[in-house]
1. Taking the stretch 30-75 on its own, how many of its residues are more than 13 Å from the ligand (Cβ to nearest atom) and part of a loop (DSSP other than H, G, I, E, B)?
2. Please go through the stretch 23-70 and pick out each residue that is open to solvent by 80 Å² or more (accessible area, probe 1.4 Å) and within 12 Å of the chain's Cα centre (by Cα).
3. Under 6 Å between Cβ atoms, at least 6 apart or on separate chains: pull out the pairs that start in the stretch 22-45 with a residue that is free of Cβ contacts under 8 Å to residues at least 60 places away in the same chain and end on any residue that is open to solvent by 30 Å² or more (accessible area, probe 1.4 Å) and in a helix (DSSP H, G or I).
4. Which numbered condition in (1) open to solvent by 70 Å² or more (accessible area, probe 1.4 Å); (2) at pLDDT 95 or above; (3) not acidic (Asp, Glu) is the only one that Arg73 fails?
5. State which residue is surrounded by the fewest Cβ atoms within 10 Å (Cβ to Cβ) when the search covers only the stretch 80-99 and only residues that are near the ligand (Cβ under 8 Å from one of its atoms) and either part of a loop (DSSP other than H, G, I, E, B) or of a type in the set (A, V, I, L, M) (or both).
6. Within the stretch 127-138, can you find the residues that are among the small types (Gly, Ala, Ser) and either open to solvent by 40 Å² or more (accessible area, probe 1.4 Å) or over 15 Å from Met40 (Cα atoms) (or both)?
7. Filtering the stretch 100-126 down to residues that are in contact (Cβ under 8 Å) with a residue 40 or more places away in the chain, of a type in the set (A, V, I, L, M, F, W, C) and open to solvent by 20 Å² or more (accessible area, probe 1.4 Å), which residue is nearest to the ligand (Cβ to nearest atom)?
Amino acid sequence: MRHWGIAVAIGLAAMAGAAFAQGDVIAERRAGLKRMGGHMEAMKPVADSRGDPKPLEARIDDMIAFYRTLPARFPAGSGTGDTKALPAIWQDFPRFEQANTALLGQLATLKTAAASGNAAGFAEAYAQTGPQFCGGCHRPFRAR
Ligand code: HEC
């Protein structure tokens with residue numbers, strides 16, 4: 001009897017551990033995405049005023065580093081809990097990855113403009129980024 005009790009206790013602990021790990025993945029990706037939103041907000045006044053985009057390069061680098069890890073932050077099973085991730089992600093994961101790759105391409109364009117201090121090019125690329133590339137993934141894959 002005692003052995004059963006211990007086995008059950010270990011089993012429950014393992015299940016709780018798995019649930020905790022899943023919750024962690026969700027909390028961590030949401031925190032990262034929030035940080036990405038902060039980067040976009042910080043860039044807006046520079047784009048709007050056609051200011052010098054050069055100081056924004058570090059933010060774009062942080063975005064590129066984060067979005068390179070984005071697909072791995074959506075393991076199977078992480079669509080339930082405190083998340084707005086839609087089941088469509090796991091029904092068509094290649095399309096989800098494609099939307100992310102498209103954003104990475106746009107971020108490269110943004111980085112080139114920032115690095116060369118091309119204010120007009122930066123403003124133009126910035127204006128496309130939110131609606132086309134962030135929105136291009138949010139519309140099919142994120143609940144409102
Ligand atoms: C490849 C898909 C994809 C791309 C590209 C993408 N997102 Fe998201 N984003 C998501 C998903 C899915 C969620 C919901 C995550 C969750 O709730 O677990 C989300 C959530 C968010 C959130 C809410 C975070 C929170 O829970 O507080 C912000 C802010 C955000 N994204 C910003 C951005 C910005 C800014 C861009 C573009 C620079 C972007 N995202 C590009 C898929 C994407």
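1. Residues in the stretch 30-75 being more than 13 Å from the ligand (Cβ to nearest atom) and part of a loop (DSSP other than H, G, I, E, B): 5 in total.
2. The answer is Glu28, Arg30, Lys34, Arg35, Arg68.
3. So the pair list comes out as Arg29/Arg73; His39/Arg59.
4. (1)
5. Among those residues, the one meeting the criterion is Asp82.
6. Residues of the stretch 127-138 that are among the small types (Gly, Ala, Ser), as a first pass: 127, 130, 135-136.
Selection gives Ala127, Gly136.
7. Within the stretch 100-126, the subset in contact (Cβ under 8 Å) with a residue 40 or more places away in the chain is 104, 107-108, 110-111, 113-115, 117-120, 122-123, 126.
Retained after the next criterion (residues that are of a type in the set (A, V, I, L, M, F, W, C)): 104, 107-108, 110, 113-115, 119-120, 122-123.
Within this subset, residues satisfying the condition of being open to solvent by 20 Å² or more (accessible area, probe 1.4 Å) are 104, 108, 115, 119-120.
Details: Leu104: 8, Ala108: 13, Ala115: 18, Ala119: 20, Ala120: 20 Å.
The extreme case among them is Leu104.
The values are calculated or read from the model by the stated rules, or taken from the named source; none is laboratory data. Keep in mind the model is a prediction, meaning the values are calculated, not measured. Reconstructed Cβ throughout: ideal geometry from the backbone, glycine too, with neighbour counts over all protein chains shown. Please note that ligands, DNA and RNA were not included when accessible areas were found on the heavy atoms of the full protein model with its side chains. Shrake-Rupley method; radii C 1.70, N 1.55, O 1.52, S 1.80 Å.
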